[in-house]
Protein chains: 2
Amino acid sequence: MSQTVDRALSILPLLAQGPADLGQVADRLGVHKSTALRLLRTLHEHGLVYRQQDQRYRLGARLFALAQEAVENLDVREIAHPHLAALNERTGHTVHLAVHEDGEVLYIDKVESRYPVRMYSRIGKPVAITVAAVAKLLLADLPEPERRALAAKLDYPRYTPRSTPDAAAFLQELATVREQGWATDLGGHEESINCVAAPIRGADGRVVAAMSVSAPNVVVTAEELLALLPLVRRTAEAISHDYSGTTPPKEAGATDDE
Amino acid sequence: MSQTVDRALSILPLLAQGPADLGQVADRLGVHKSTALRLLRTLHEHGLVYRQQDQRYRLGARLFALAQEAVENLDVREIAHPHLAALNERTGHTVHLAVHEDGEVLYIDKVESRYPVRMYSRIGKPVAITVAAVAKLLLADLPEPERRALAAKLDYPRYTPRSTPDAAAFLQELATVREQGWATDLGGHEESINCVAAPIRGADGRVVAAMSVSAPNVVVTAEELLALLPLVRRTAEAISHDYSGTTPPKEAGATDDE
DNA sequence: TCCGGGCGTTGCGTCATGCGCAACGCGCAT
DNA sequence: ATGCGCGTTGCGCATGACGCAACGCCCGGA
């Protein structure tokens, strides 16, 4: 709604693809160089953009700091973390925590078993929304019209033969998931990876987050992983309980027993 | 330089401290509610800001995605990573990679030995610039005037009795570091933690990044850690070599992960 | 039930502000 | 030496961002 800010912010995804010089930025924005310069300077002052030695611009450090602070302030994450760690300790598998936001589902925490190496590369990245078990749980809880609208405008990439093929199948799957209160992804994203997930609910019963346990089937079969379902659900319920308890929503009518 | 963008971007750090409603944002910006609304809407459209159910605003998902893409596009990081992993494998200690940007030093990669648990919480976070070994290396390489200016405007918190006390001591330390080509932090940030670090240089000899090995002295004494110095320096040199060699920018490098 | 206050939202008239232009300085390659 | 490409600057004009005031809505108290 604000042209100037809109243009400035459009620079960010542009730079996310890689460094660019002033002319490139101006061209891709469709504005004069002097305009692009002014915007870049403002972004620079706020640390969102950094100018390297060759004068080209890249995304800046403050961006990380902001993302950090944002994720650290998420109270669900903070409350859930010890539970996730415990579950990881017990099962040895990768544990994820995800939330829904504006049509995207993204991981906000992760505890990995074996190789901590590529760990952080996932957090904050949008997940494959049409197949991920956590995504199904989060979207299944949306109000009917929103859910339909979202399902209609999604893409349905065929990662594997087991990927959700289209909106109809997706909505069907969401209905099942909503009813049973848990979800799986059996090779729908990557052939050899299976996941089982459970919802975390707020005091009002709405799904506020979802957690999952994932493992490649070279480690455990899908059946073995599914055997963990009760444990996963219990963990999710424990988190829900902690979360509802410590979330004094100013003044909400129905407060659970405590 | 652009008032509108400036105001809009000022909202981000404000929200980083926690969710806020429209009135609060307008107040703290010193603008009319309608103005704040317009800015917030624009931020929202770009996904930098998210509106939760209670209508309050928080930082949005796109922020994470941007930070992710930014860090993944850093070629130093990509080149260094295997070396860091190897060093971690060999020593068992935590290994860091850091860069300098606009007066801040931040970690862009980390390989941790024992507990992967709190791992991601560090990446992207500014480091204790006056004491961290990697910070000393990065700042020691700055041109004289810049270095002095920066040293003068820094704070010198006394994390421990061994923390760098003031600008004079800091500049002195930087001189030493620059001369010897490596740096340490022996309990300057946290009593029981020691680090040894070495610089990574580009083709022109300038320090582009720094790496360090850290360990609590309950695991190894400072002396034992210092014994790793040659290994650390050799690793840093290997990275420098790789980096200088492959510096010719890979144009249109659409490296798809996954 | 009605009323009042607090919140987000809207349309509008004004003028500050962001815009493109054109000219300049600089480095680099010819 | 010379021209080109780049980032940078100052400026006059009109666009677009501003604050105002009025509205709708929800909630809580009377």
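What follows is calculated from the coordinates using simple rules that are stated; it is not laboratory data. A quick note: this is a predicted structure, and the numbers were derived from the prediction, not measured. In this analysis, Cβ positions are derived from the backbone assuming ideal geometry, glycine residues included, and neighbour counts consider all displayed protein chains.
Brief remarks follow.
- Residue-count net charge about residue B:84 - beta-carbon cut-off 10 Å; Lys, Arg +1, Asp, Glu -1: 0
- Computed as a quarter of the hull surface, the mean projected area of the alpha carbon convex hull for the protein assembly as shown stands at 26.2 nm².
- With R₀ set to 56 Å, the beta-carbon distance separating residue A:41 from residue A:152 gives a calculated FRET efficiency near 0.85.
- Exam field: residue B:168 pseudo-label spacings to other copies (7 Å along Cα-Cβ), nanometres: 8.1
- Crossing angle, helix B:3-16 versus chain B [Cα axis fit, 0-90 degrees, rounded to tens]: 70
- Over chain B: helical MRE at 222 nm, DSSP H runs n ≥ 4 each giving -39500 (n - 2.57), nearest 500: -14000 deg cm²/dmol
- Residue among B:31, A:214, B:111 farthest towards the positive dipole end of the protein assembly as shown, charges placed on Cβ: B:31
- Debye, to nearest 20: dipole size of the stretch A:74-245, +1 on Lys, Arg Cβ, -1 on Asp, Glu Cβ: 220
- Once C-alpha pairs closer than 8 Å and six or more residues apart are averaged by separation and normalised to the residue number of chain A, the relative contact order reads 14 percent.
- With its label point defined 7 Å out from Cα along the Cα-to-Cβ axis, residue A:55 lies at 4.9 nm from the matching points of the other copies, in increasing order.
- Close amide H pairs (under 5 Å, H built 1.01 Å from N) link residue B:105 with B:127, residues at least 5 positions away or on another chain.
- Build a GNM of chain A with springs between Cα atoms under 10 Å apart, and of A:38, A:62, A:233 the one that fluctuates most is A:38.
- Rg to Rh quotient for the stretch A:25-70, alpha carbon positions, Kirkwood Rh: 1.04
- Choice from A:104, A:179, A:112 showing the highest fluctuation, given a GNM over chain A with Cα pairs closer than 10 Å: A:179
- Pairs from the table (B:110/B:153; A:110/A:153; A:33/B:125; A:33/B:110) lying more than 31 angstrom apart at Cα are A:33/B:125; A:33/B:110.
- The stretch A:193-248: relative contact order in percent, alpha carbon pairs under 8 Å with at least 6 residues between: 43
- Cα centre as origin, Lys/Arg/Asp/Glu Cβ charges: the stretch B:3-66 dipole, Debye: 80
- Leading residue at positive end of dipole, the protein assembly as shown (Cβ point charges), from B:157, A:180, A:203: B:157
- Computed E for residue B:176/residue A:78 - FRET, C-beta separation, R0 51 angstrom, nearest 0.05: 0.80
- Between A:82, A:199, A:13, the residue with the greatest mean-square fluctuation in the GNM of chain A (Cα pairs under 10 Å linked by springs) is A:13.
- FRET efficiency for residue A:34 and residue B:144, using Cβ-Cβ distance with R0 set to 22 Å, rounded to 0.05: 0.10
- Amide H contacts of residue B:94: B:113, B:214, each under 5 Å away and 5 or more positions distant or on a separate chain (H built 1.01 Å from N in the peptide plane; Pro and chain starts excluded).
- Comparing B:98, B:64, B:132 along the charge dipole axis of the stretch B:1-152, the residue lying farthest to the positive side is B:64, per the Cβ-charge model.
- Placing a label point 7 Å from Cα along the Cα-to-Cβ axis, residue A:23 is separated from the same position in the other copies by 5.3 nm, shortest listed first.
- Neighbourhood net charge (12 Å Cβ-Cβ; Lys/Arg +1, Asp/Glu -1) for residue B:29: +2
- Taking the three principal axes of the alpha carbon atoms in the stretch B:1-142, the coordinate ranges are 58, 36, 25 Å, sorted in descending order.
- Net lengthening on full extension, residue B:226/residue B:168 (0.36 nm per residue, minus Cα-Cα): 18.3 nm
- In terms of its alpha-carbon gyration tensor, chain A comes out prolate; a/c meets the 1.5 threshold, and the first ratio a/b outweighs b/c.
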